[in-house]
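> Could you have a look at this structure, given as structure tokens, before my questions?
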Amino acid sequence: MINKATQFLKEAYSELRQAHWLTRQQAVGSTKVTALLVAVMALYIASVDYAVSIFIRAVLGR
């Protein structure tokens, strides 16, 4: 069992060395885009929620 674990760790380390890692500039850019998209989606969902709540209040007469 120890041999299998050691072999797994060696293979995992080998795969990590072959991976393509983002540069700092690419990571910062991707983070900014993600944050912007999350903010846009939050605003969209909030506005739809607000519109639906107004509609429900009108239908229920409150």
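> Please state the charge dipole magnitude for the chain, taken about the Cα centre, from unit charges on C-beta atoms (+1 on K and R, -1 on D and E), reported in debye and rounded to the nearest 20.
100 debye
> May I have the pair-distance distribution P(r) for the range 22-62, computed from all Cα-Cα distances with 5 Å bins from 0 and rounded to whole percent?
With 5 Å bins starting at 0, P(r) equals 5, 23, 12, 14, 10, 9, 9, 6, 6, 4, 3, 0.
Read-outs throughout are calculated quantities, based only on the coordinates presented, and are distinct from any laboratory measurement. This structure is a prediction, so every number in the text was calculated from the model and none was measured. Glycine gets a Cβ as well: all are built from the backbone with ideal geometry, and neighbour counts include every protein chain shown.
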